[in-house]
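Input: one structure, supplied below.
The values are calculated or read from the model by the stated rules, or taken from the named source; none is laboratory data. None of the values given here were measured: they were computed from a predicted structure. A quick note on method: Cβ atoms are made from the backbone with ideal geometry, for glycine too, and the neighbour counts reach across all protein chains shown. Accessible surface areas use protein heavy atoms only, side chains included; no ligands, DNA or RNA. Shrake-Rupley method; radii C 1.70, N 1.55, O 1.52, S 1.80 Å.
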Amino acid sequence: MRVLLALSLAGLVVTGCSDSYAQSQADGPAPGGIAGGKPAAPPKPPRAANVALVPGGARQSPGVVAAGGEDAVYNYGPTVMLDGGKAHMWWCSQYGSAGPPGDDILYAQAPTPDGPFTGPGGGVPIPVLSGAPGNFDGMHTCDPSVLRVGTTYYLYYTGAAGDHALGNAVGLATSTDGVHWTRAAGGKPILGPSHDVHRDNVYGAGQPSVVFLDGWYYLLFTDTTGRAAGWNGAGQFVVRSRDPAFGSGVEALGDKGFGPVSSTNAPRERSVVDGFSADLEWVGALDAFVIAHETAAGTTLTFWDRDFTVQPYAPLVIPGAWKEGPGLVRRPDGHAPTSVTDPCGTVSFDVVRATVTGESGAPTALQHFGLDVRGSGACADADRLTTTFDGVAMPSPERTMDLFRRGQRIRIDRRSVAATLAGEVLNEPLPPVEGIAVTARLHAGATVVHADGRGYSVLLGQNVRWGLPDTGSVKLNDSEVTEVGPRQWDAYATGLPLGG
């Protein structure tokens, strides 16, 4: 697949490519109520911008943490997930045995991001997604971004049928284990080039990064044909939807915020970063998104508020060598992990990135780099506390598990159920949440209801319907599913979505 390997800085584009992984497409030339109603709450003051964060010491793995086996001459574009006490990583490489000739997505796991990453059960990393001849991704699958929501894994990736101009598009595959994947959306791309402007850079659309937040899937991506891209095609665009396949309800980020569009190929009106091959993460402790992208000194971290209207913090840099875009070390939902030693004051940013150009002329030598940020003020008030611990599960005083969702505390009998619903599971309770009252209790065997077109929910308390992301937790909880009609479904009181 045509890789996008570039640095947009002072008009300079740095590229590296080889015939073994096709021509680089980044290398283009050149307040009151009404009628006695309740008075409205006073508006919050505008959020401060460009607040300076205090970085701690930078860190780096002692050497390469992962590499493909066989004839894998390049390794780059990773996505890294901390889940179940392990670090899981998918990245772009190539195995001659995988077929067809072209980019493959490899998978491996390790105790920590410092590696060593090996295939399941040990041994070399394994190929898990390769080209599907005859489809849009017939030759190349690359640039993975992986989420787990409930028990379903979502793999967003760049696919291409060959090395054709504007031939790259974003595809989606799903899995129950992160290893065996099934193409979604009928094997068709979920996002392609907008064709707003045809530049000398003919890469097209790709390099996806996806975060799941408050029921929305946020997709960050490159489109060298986007109207708001730079002269060399550099730029990062954002769309969101409550549908993981982005088949309906799509909103695109424009100059006036997010607004509905007819499809993911709508004109690209606004770019949030001048760069290629970026990764996205939600940082609850900072109440902000962070975009990791490469600049001269290393990986630059650029911050945006929830609506992409304010940059609340000044950029930071994780220094060190790089040759292709970074993969942030994230929770399964794409959020930043919680600091277990200083959850109210410290945020850790970690990335894995290729560091050298190998003998084939392609990026390789994946290494881990990191930086701590102190003084986050993550527990400064109730709103910040809510944001910081959203999606976190931890042991309760009753030897059960507590899941925190949007300021509410849900007690869950079974750890396995909590693990499917949480974005992160901690092994020890953290003192900052002690004052949050238990809102609901999810007992083993609790009734699950389903209505056509409405999804699945578990009934807690006085028949309050709490949403489930999928059916994975139903069997784990020994629950039975009761089919209900739309009228009965709507009659239940509505709780929160337990899976985000």
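With a ≥ b ≥ c the root eigenvalues of the C-alpha gyration tensor of the range 200-305, is it rounded (a/c under 1.5), prolate (a/b larger than b/c) or oblate?
oblate
With Cβ to Cβ distances under 9 Å as the rule, what net charge do the other residues near Asn477 carry (K, R +1; D, E -1)?
0
What net charge is computed for the residues neighbouring Asp114, neighbours being all others with C-beta under 15 Å from the C-beta of Asp114, Lys and Arg scored +1, Asp and Glu -1?
+2
As an exercise, use a Förster radius of 22 Å and the Cβ-Cβ distance of Glu398 and Ala437 to find the FRET efficiency, rounded to the nearest 0.05.
Working from the Cβ atoms, E equals 0.95.
In whole Å, what is the distance between the alpha-carbon centres of the range 424-500 and the range 208-240?
With the range 424-500 and the range 208-240 each reduced to a Cα centre, they are spaced 32 Å.
Rank Trp466, Trp231, Val347 by how far each Cα sits towards the positive end of the charge dipole of the chain (+1 on Lys, Arg Cβ; -1 on Asp, Glu Cβ) and give me just the farthest.
Trp466
Normalise the Debye intensity by I(0) for the chain, one equal point scatterer per Cα, no solvent, then take log10 at q = 0.07, 0.08 Å⁻¹ and round to two decimals.
At q = 0.07, 0.08 Å⁻¹ the computed log10 ratios are -0.36, -0.48.
Counting only heavy atoms of the protein chains, get the accessible area per residue of the range 29-175 (1.4 Å probe) and round it to a whole Å² value.
42
Using 0.36 nm per residue of separation minus the Cα-Cα distance, give me the extension gain between Asp490 and Val340 in nm, one decimal.
50.0 nm
Using the alpha-carbon centroid of each, what span in Å lies between the range 283-352 and the range 119-181?
24
Suppose R0 equals 41 Å. What FRET efficiency, 1/(1 + (r/R0)^6) with r the Cβ-Cβ distance, do Lys475 and Thr112 give to the nearest 0.05?
So, using R0 = 41 Å, E works out to roughly 0.85.
Given the Cα-Cα distance of Gln462 and Asp305 and 0.36 nm per residue of separation, how much length would full extension add, in nm?
52.9 nm
Antiparallel DSSP bridges in the chain: what percent, to the nearest 5?
Rounded to the nearest five, the antiparallel share is 85 percent.
Still on this structure: Please report the carbon-and-sulfur percent of the accessible area for the chain; probe 1.4 Å, protein heavy atoms only, DNA, RNA and ligands left out.
Accessible surface attributable to carbon and sulfur in the chain totals 53 percent.
Where does the charge balance sit around Asp490 when Lys and Arg score +1, Asp and Glu -1, over other residues with C-beta under 10 Å from its C-beta?
Local net charge: +3.
Work out, in µm²/s and without decimals, the Stokes-Einstein translational diffusion coefficient of the range 317-359 at 25 °C, 0.890 mPa s, Rh from Kirkwood over C-alpha pairs.
200
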